Amino acid sequence: MGFGEKFNKIWKDLFEPVPEKRDEFSEETEEERRIEKEKKADAERMKEREKMLELGMTEEVIDAYDPEKCAVMPSSGKLKVMIVSDTHGRLQNLKKALDVEKPIDVLLHCGDVTGDENIIRRMAGCHVRIVSGNMDFGSGCPERDIFSIGSHKFLLCHGHRMSVNSGNEMLASHARASGAEAAFYGHTHKPEISMNNGVRIVNPGSISQPRQLERKYTYVIMEVDADSSKMPEFTLKEVEDPEPYRFSWS
């Protein structure tokens, strides 16, 4: 064996990976990752279930949730739509409001859910649409949602990207450009039902951390006829016997 052949053999032995060992290592690593991912998912589901039980939901209600059925937006008849925002991980007042308002056909959440998307869907037990707010990092929810109920078109967003702290002009402009007759938003924690250049502007306030002068825990009920072009009716409501917000560092 010449010098060149010896050099090539040494180089190959030192630096070329052994296919069998490399593949075996990759398979073991992938399996470990899969198991770890499943463990985390199981732990998260258990945590969510414990939180729902603490809220007073029964095992039967939790297990009765049908994601396939609830994925379908109702498209006909007179519908009752509940609009909420800024729950920030505190769902006691949402539970109280749902207990009063059910049955509802749709729940709209204007953002700042902070990880409670799955719990809220099970709590509502109906079609739920949620957008991400400025506190919903990596939630997977869209920042804006343009959708229709029958002939009615709506814009759902949190509002932090549309300068709602300074007014509703940008929000109304986006809604009008998309053909929406109403725009729902949150972020300010202050309720509002108004008109802006022909667009109905609705903020349900915060159901868990209100900031308006009266500090009322509020939400909005929209009654809409999917088979009619008549403008929906909006009613601002207060949570009965609300759980007051208490700041905590934990």
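Data table
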read-out	value
Residues (touching a residue at least 40 places away in the same chain (Cβ under 8 Å) and among the β-branched types (Val, Ile, Thr)) located in the stretch 194-237	202, 207, 220, 221, 224
Number of the condition not met by residue 183 [criteria: (1) in contact with a helix residue (DSSP H, G or I) (Cβ under 6 Å, 6 or more places away or on another chain); (2) outside the structural domain of residue 100 (by TED's automatic domain parsing)]	(2)
Which listed residue is exposed (fewer than 15 other Cβ atoms within 10 Å of the Cβ), modelled with pLDDT of 95 or more and of a type in the set (Asp, Glu), from 169, 117	169
Lone qualifier among 216, 237 - being more than 19 Å from the chain's Cα centre (by Cα), assigned to a strand (DSSP E or B) and closer than 28 Å to residue 78 by Cβ	237
Some residue of the stretch 71-80 being surrounded by 10 or more Cβ atoms within 10 Å (Cβ to Cβ), of a type outside the set (Phe, Trp, Tyr) and either touching a helix residue (DSSP H, G or I) at 6+ places or on another chain (Cβ under 6 Å) or not assigned by TED's automatic domain parsing to the domain that holds residue 153 (or both)	no
Boolean, residue 206 is small (Gly, Ala, Ser) and closer than 24 Å to residue 79 by Cα	yes
Condition broken by residue 240, with the remaining ones in (1) surrounded by 17 or more Cβ atoms within 10 Å (Cβ to Cβ); (2) in contact (Cβ under 8 Å) with a residue 60 or more places away in the chain; (3) over 18 Å from residue 152 (Cβ atoms) satisfied	(1)
Failed item in (1) surrounded by fewer than 19 Cβ atoms within 10 Å (Cβ to Cβ); (2) of a type in the set (Asp, Glu); (3) under 14 Å from the mean Cα position of the chain (by Cα), with residue 101 passing the rest	(3)
Residue, modelled with the lowest pLDDT, within the stretch 120-142, restricted to residues that are farther than 23 Å from residue 68 by Cβ and surrounded by fewer than 17 Cβ atoms within 10 Å (Cβ to Cβ)	138
All positions within the stretch 47-70 that are surrounded by 13 or more Cβ atoms within 10 Å (Cβ to Cβ) and either among the hydroxyl-bearing types (Ser, Thr, Tyr) or within 30 Å of residue 151 (Cβ to Cβ) (or both)	65, 70
Test for residue 208: is it in the same structural domain as residue 81 (by TED's automatic domain parsing) and crowded, with 21+ Cβ neighbours inside 10 Å	yes
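The values are calculated or read from the model by the stated rules, or taken from the named source; none is laboratory data. Bear in mind that the values here come from a model prediction, so they are computed numbers and not experimental data. Note: ideal-geometry Cβ built from the backbone for every residue, glycine included; neighbour counts use all protein chains shown.
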